[in-house]
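The values are calculated or read from the model by the stated rules, or taken from the named source; none is laboratory data. Treat the numbers as computed from the prediction; the structure is a model and nothing was measured. No Cβ is skipped: glycine too gets one built from the backbone with ideal geometry, and neighbour counts run over all protein chains shown.
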Amino acid sequence: MSTLEWGLQLVLLALLGAAIPFALRLERALREVRRDRAALDGSAQGLAEAARMAEAAMVRLRASAELAGRQVAERTAAAEPLREDLRYLVERAEALADRLEGLVRAGRPLAADAPRLPKAAPPGQAGLQSQAERDLLRAISLGAARVGR
């Protein structure tokens, strides 16, 4: 072999010797990348499992929300007639209260001018008056007594 060939082979040998540390570093870096990739794959699987669990929980939550919504709608529908009945009763009660108030106002001057009524009959004479009449007489006499104060 000629000197030129020997020189080129020595240069090639030096370059190969210089490339070995780079190859070793590259091999270590690739090993770390493979290890990190395995960890990344494990993390991705964990993330996918967490996403599936969250989706299942969301489906259950949606189902329970729909059930609660239906129950509220049913109870609201059942309460609607009661609300209307109560509204009607309140309106009637207000009208009756207004009417009663007017009658009481009209009766106060008459009760003040009326002579004292005899007290209610003793229980032995209950046949002469009904209980309603006795109660009415008692209420009138009490009202007259209050006005006289």
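Is there any pair with a first residue in region 95-118 that is under 18 Å from ARG138 (Cα atoms) and part of a helix (DSSP H, G or I) and a second that is of a type in the set (A, V, I, L, M) and at pLDDT below 85 whose Cβ atoms are under 7 Å apart and which are 6 or more apart or on different chains, and what are they?
ARG108/VAL147; ALA111/ALA144; ALA111/VAL147; ALA112/ALA144; ALA112/VAL147
Residue check: is THR3 of a type in the set (Ser, Thr, Tyr), loosely packed, with under 10 Cβ neighbours inside 10 Å and without any contact (Cβ under 8 Å) to a residue 12 or more places away in the chain?
Yes: the conditions hold for THR3.
Taking ALA29, is it among the small types (Gly, Ala, Ser), in a helix (DSSP H, G or I) and more than 30 Å from LEU136 (Cβ to Cβ)?
For ALA29, the condition - among the small types (Gly, Ala, Ser), in a helix (DSSP H, G or I) and more than 30 Å from LEU136 (Cβ to Cβ) - is met.
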